[in-house]
Amino acid sequence: MVFNNLQELVKKRHSIRAFNQEPVTDELVTKILEVVQTAPTAGNLQAYEVVVVKDPEVRQKLARAALGQSFLATAPVVLGFVALPVTSGQRYGARGAQLYSIQDATIAATYAMLAATALGLATTWVGAFHEDEVRAALNAEANQVPVALLPLGYGAVEPQPTPRRPLDEIVREL
């Protein structure tokens, strides 16, 4: 059953911040990006870009911009997700620019995390960074908004299960 496979996949996904130096092939990156391309977006505008970073110097810049999160520099690949507020704003006004484009990039990044997990790769969501420095490192335009960085690689540690709040603490019914 597809649901069981999905449930198994999401339970397998963990935030990994230690990577061995085994390279990630272009073929695997392409497979991840093909999944990202299918992510739902507001009005099907696909108001985001993905920057694939393999250059060690750029990964080092990203690590510094991300408040010294050095694991970004040690991952063989980093995916940078950048929202395109102008694209959403043209159709949806301020709400599109300020929210929908961010949601588009966020959903795309989540799809990438799940695709990476399905392919046996490790990753983690990095959202703590100096936006201007990440924008510069990714060669993004001034009106583009960096949303997330996802380091990709083969995990150097075995993840431990993390506790989750019970459903009755996170769900309300009206």
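The values are calculated or read from the model by the stated rules, or taken from the named source; none is laboratory data. The shown structure was predicted, so the numbers you read here are calculated from the model rather than taken from an experiment. Cβ sites come from the backbone with ideal geometry, for glycine too, and all protein chains shown count toward neighbours.
Out of A137, A108, A156, one residue alone is more than 15 Å from the chain's Cα centre (by Cα), among the small types (G, A, S), more than 18 Å from K11 (Cα to Cα) and buried (at least 23 other Cβ atoms within 10 Å of the Cβ). It is A137.
All of (1) over 12 Å from the mean Cα position of the chain (by Cα); (2) crowded, with 23+ Cβ neighbours inside 10 Å; (3) farther than 27 Å from E27 by Cβ hold for A83 with one exception: (1).
Checking T110, T87, T106, T123 one by one, the residue that is of a type in the set (S, T, N, Q) and farther than 26 Å from N143 by Cβ is T123 and no other. Tell me, please, whether a residue that is of a type in the set (A, V, I, L, M), in contact with a Ser or Thr (Cβ under 8 Å, 6 or more places away or on another chain), in a loop (DSSP other than H, G, I, E, B) and at negative phi can be found in the stretch 148-164. No, that holds for no residue.
The conditions of being among the charged types (D, E, K, R), modelled with pLDDT under 95 and more than 27 Å from D26 (Cα to Cα) are not met by R91.
Candidates in the stretch 8-17 are the residues that are of a type outside the set (V, I, T) and surrounded by 13 or more Cβ atoms within 10 Å (Cβ to Cβ); of these, the one that is farthest from the chain's Cα centre (by Cα) is L9. The single condition from (1) surrounded by 15 or more Cβ atoms within 10 Å (Cβ to Cβ); (2) farther than 25 Å from E22 by Cα; (3) without any contact (Cβ under 8 Å) to a residue 24 or more places away in the chain that Q90 fails is (1).
Close Cβ contacts (under 7 Å, 6 or more residues apart or on different chains) running from residues in the stretch 110-128 that are in contact (Cβ under 8 Å) with a residue 60 or more places away in the chain to residues that are in a helix (DSSP H, G or I) and charged (D, E, K, R) comprise A115/K31; T117/K12; L119/K31.
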